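The values are calculated or read from the model by the stated rules, or taken from the named source; none is laboratory data. On a predicted model such as this, the values are computed, not experimentally measured, just so you know. Quick reminder, even Gly has a Cβ in these numbers, built from the backbone with ideal geometry, and neighbours come from all protein chains shown.
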Amino acid sequence: MKAAVFYGKHDLRIEEIATPEPQYGEVLIQVKACGICGTDVHIFNGDEGAAQTPPGTVLGHEFAGVVVKLGDGVKDIKVGDRVCVDPNKLCNECYYCKSGIGHFCENMIGIGTTVNGGFAEYCAVPQSQVYKIGEDTDFTRAAMAEPVACCMHGIDMCDISCGDTVMVIGGGMIGMIMLQLAKTSGAGKLILLEPVAEKRELAYKLGADLCIDPISEDAKEVLAKNGIHRVSTVIECVGAVKTMQQAIELAGKKSTVMLFGLTSPQDTLSIKPFEIFKKEITIKASYINPYTQQRAIDFIKAGKIDVQTMIYETATLDRLPEILANRELRAKGKIVIAP
């Protein structure tokens, strides 16, 4: 089968490898759609994502497809089932798993990060990680359950109350998901900071009340002109030191700043403790998708969130190295690989 194999920094090869055989408790999935994530970009650039990726690993952790073969011991899943995958398998035995915070599992297996994933024609997956999507949810939308699940964990931690003013920094796929989740969480006013005009236009369609171009506009002045005295929650979705500093600067008094974007492991954020003190800011971060995959699937299936509009292109597996290397292309929107 054809697969995208990672060998090291900027070395991702589309190769012919053996189609995996499902082992005990595993199912073999024919991959129909696999999203390109910021974590894939970090790995491609030689950085660590949620975990270290060994050379020789097939990348891809946002994927959906059809079950084509069952290993021994598989229950409640049959050949032909349409499914998506939670890529983070917990051991359920370590200190963190037994403490109810299993997303910090000391023995976690990351499908597409630590073991072979979905940028391939086929992928063998433990049955515990497989979720049925039914007949009415297309594979591209189902593949987006993983990023929605991650965002749900982050939005849960933001503790948004009805009527709150919420600002999202960054209008990529994650920012647009966060914008919609903040709205369904009860936000009374939604603000997006995004330099790309097309993304600001899309944000208005998805429910934003105010969009600001941080390049040509002074965000504080725009907020003041629109009578916004306090931003109660700021969700940073870019993963850059500059925008994280901006999130703290624009946060109101008694506010929460969610640093959701993933930076390089070497990046250092400079903050002024006095500013945190004066505004009584709570700074939070969010790590992967603990126990939110089913909620995300149900939300997508119910049509409560739009994950289709932000998709810029569906591309073939052969183009994956080019896309990971081309920041300008990725900036146009979410790209999904159809192996």
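Scanning segment 106-148 for residues that are in a loop (DSSP other than H, G, I, E, B) and within 20 Å of LEU90 (Cβ to Cβ) yields GLU106, ASN107, MET108, GLY112, THR113, THR114, ASN116, GLY117, GLY118. Among the criteria (1) within 30 Å of GLN266 (Cβ to Cβ); (2) within 23 Å of the chain's Cα centre (by Cα), the one LYS205 does not fulfil is (1). Residue pairs whose Cβ atoms lie under 6 Å apart, sitting 6 or more positions apart in sequence or on different chains, and linking a residue in segment 252-271 that is within 16 Å of GLY38 (Cα to Cα) to a partner that is among the polar types (S, T, N, Q), are PHE260/SER286. When GLY80, GLY60, GLY46, GLY100 are checked against the criterion of being in a loop (DSSP other than H, G, I, E, B) and buried (at least 23 other Cβ atoms within 10 Å of the Cβ), GLY60 stands alone in meeting it.
Taking the condition surrounded by fewer than 22 Cβ atoms within 10 Å (Cβ to Cβ), over 24 Å from the mean Cα position of the chain (by Cα) and in a strand (DSSP E or B), does LYS69 pass? So LYS69 fits the description; yes. With respect to GLY163, is the statement that it is small (Gly, Ala, Ser) and closer than 20 Å to THR282 by Cα true? The answer is yes for GLY163.
For (1) among the polar types (S, T, N, Q); (2) in the same structural domain as VAL41 (by TED's automatic domain parsing); (3) modelled with pLDDT of 95 or more; (4) over 18 Å from GLY170 (Cβ atoms), each residue gets a yes or a no:
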position	(1), (2), (3), (4)
GLU221	no, no, yes, yes
ALA224	no, no, yes, yes
THR233	yes, no, yes, no
VAL238	no, no, yes, no
ALA251	no, no, yes, no
VAL257	no, no, yes, no
LYS272	no, no, no, yes
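For segment 88-96, indicate whether the set of residues that are charged (D, E, K, R), surrounded by 18 or more Cβ atoms within 10 Å (Cβ to Cβ) and in contact (Cβ under 8 Å) with a residue 40 or more places away in the chain is non-empty. The answer is yes, given that some residue of segment 88-96 is charged (D, E, K, R), surrounded by 18 or more Cβ atoms within 10 Å (Cβ to Cβ) and in contact (Cβ under 8 Å) with a residue 40 or more places away in the chain. Scanning segment 209-246 for residues that are closer than 16 Å to ASP164 by Cβ and either touching a Pro at 6+ places or on another chain (Cβ under 7 Å) or free of Cβ contacts under 8 Å to residues at least 40 places away in the same chain (or both) returns ASP209, LEU210, LEU223, ASN226, GLY227, HIS229. Number of residues in segment 89-112 that are among the polar types (S, T, N, Q) and either on the phi > 0 side of the Ramachandran plot or out of contact with any Asp or Glu (no Cβ under 9 Å at 6 or more places or on another chain) (or both) equals 2.
Within segment 29-52, the set of residues being more than 22 Å from CYS237 (Cβ to Cβ) and modelled with pLDDT under 95 comprises GLY46, GLN52. Within segment 156-169, can you find the residues that are surrounded by fewer than 24 Cβ atoms within 10 Å (Cβ to Cβ) and under 17 Å from the mean Cα position of the chain (by Cα)? Hits for segment 156-169 are ASP156, MET157. Pairs meeting the criteria (first residue in segment 280-296 and free of Cβ contacts under 8 Å to residues at least 60 places away in the same chain, second residue in a loop (DSSP other than H, G, I, E, B) and surrounded by 19 or more Cβ atoms within 10 Å (Cβ to Cβ), beta carbons under 7 Å, at least 6 apart or on different chains) are ILE281/ALA251; ILE281/SER255.
On the basis of being on the phi > 0 side of the Ramachandran plot and either touching an Asp or Glu at 6+ places or on another chain (Cβ under 7 Å) or of a type in the set (Gly, Ala, Ser) (or both), does GLY60 make the cut? So GLY60 passes the test.
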